[in-house]
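Data block below; observations after.
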Amino acid sequence: MIHGVVAHPHLGRELMRELDDAGMLGLLGVMVSDRSSGRVRGTHGPVASYTLHAEDGRRLLRSITHMGRILFAAGAREVLTGIPAHPSVTSPADLDDVVRRTGRRRLHLSAFHPTVTAALGG
C-alpha cells in the first residue's frame, strides 16, 4: 500500500512495521510564518509553552488539506494526517471531512529551525 505521510502517528512496533515499508512512504511538511508566541521558563529545567494564534491554526489546517491532496494525486491510498483524533484517511473526501471537523487546539505540533534561525555559536 502506498502511504502519504504528513506526520507519523505510530510508536514502537507499529512504527517499525511501517518503516519496513519505508520505500512506499512519502513525507511532506510545511513551513508557516506564524503570529503565535511562546516562552521558555522554569527553575528545575526548561518548560516551553506556545500559544497558537487562530489564523496560524487555520493556515496549518489548510496546509494539511493541500499536502494530503498532493499525496493522493501522487498515488497514495492512505494519508497519515498528523491529527491525533483521525490519524489516517483513505480519500480526499475523508481528508476534507476530518480537517473541517478539527479545531486548531486538536493539532499535534512540532517545530524546528530549517533555515538556521537559531544561532550555532559565537
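FYI, it's all coordinate maths here, none of it is from the lab. As the structure is a computational prediction, the values presented were derived from the model and not from experiment. All Cβ positions, even for glycine, are placed from backbone atoms using ideal geometry, and neighbour counts span all protein chains on display.
Among residues other than Asp56 with Cβ under 10 Å from its Cβ, the summed charge is +2 (Lys and Arg +1, Asp and Glu -1). Between Ala54 and Arg77, residue separation times 0.36 nm minus the direct Cα-Cα distance comes to 5.2 nm. Packing, taken as the mean count of other beta carbons within 10 Å per residue, orders the peptides 74-81, 14-21 from highest to lowest as 74-81, 14-21.
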